[in-house]
Amino acid sequence: MSDERIDSVPPKKKMGLGKKIGIGFLAFILLSAIIGLAGGESSSNLSSGETNQTTTEPTSKPTVDAAPWYPADYTEVQDGIAFKWFTRSQNNASDACTGDSCWGAYLIARDGCSSSLYAEITISDGQDVQIGYTNDSVGSVAPGTKVRLMFNSYEDSAQTARLAKISCY
């Protein structure tokens, strides 16, 4: 054996504070990554072939559509306004017809109309060609109140009507 000293190996130095902090930080990141991978969405038990899946329950229950605010035989034609055509024989409508042709409608404004409720229809002939329009309105309407509008035309060839505009002021 030789008592020679090997000078090529540097002496052990103490690790500085900065290096200790850096290594500690890297260890923390590595540990966090490992824990994150282990706590994933599903894990598998290979010996039994079963899968244990972790799911999250919805925070709220699905809502069931509530019944509409307007009667079943009406159609909501714009937000808060429901509409229904009626025939001349209904509600003594023939008394309100003054033209050659006449159409009537019931409307309900869910939230009411503070100044007036206005509706306009377009009128077409037998070939589905638009030949005119007419309108009707009522004054202020209380919320949920049914109103009747009458649309008269003096066009001899008037056959059909189509709702064109409703305004609640």
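Quick note: the coordinates plus some simple rules give every number you see, no bench work behind them. In this text the structure is predicted, and so the values were computed from the model without any measurement. All Cβ positions, glycine included, derive from the backbone under ideal geometry; neighbour counts span all protein chains shown.
In percent, rounded to a whole number, the relative contact order of the stretch 75-168 is 33, using alpha-carbon pairs under 8 Å and six or more apart. Each Lys or Arg adds one and each Asp or Glu subtracts one; over the other residues with Cβ under 12 Å from the Cβ of Q159, this totals -4. For the stretch 75-168, taking Cα atoms only, Rg and Dmax work out to 13.2, 40 Å respectively. Full extension of the segment from A142 to W69, taken as 0.36 nm per residue of separation minus the current Cα-Cα distance, would add 24.8 nm. Taking a point 7 angstrom from the Cα of T122 along the C-beta vector, which residues in the stretch 147-169 have backbone N less than 19 Å away? 151-167, by backbone N distance to the label point. In order along the stretch 78-84, the phi-based Karplus estimate (6.51 cos²θ - 1.76 cosθ + 1.60, θ = phi - 60°) of 3J(HN,Hα) comes to 7, 4, x, 10, 10, 9, 8 Hz; Gly and Pro are listed as x.
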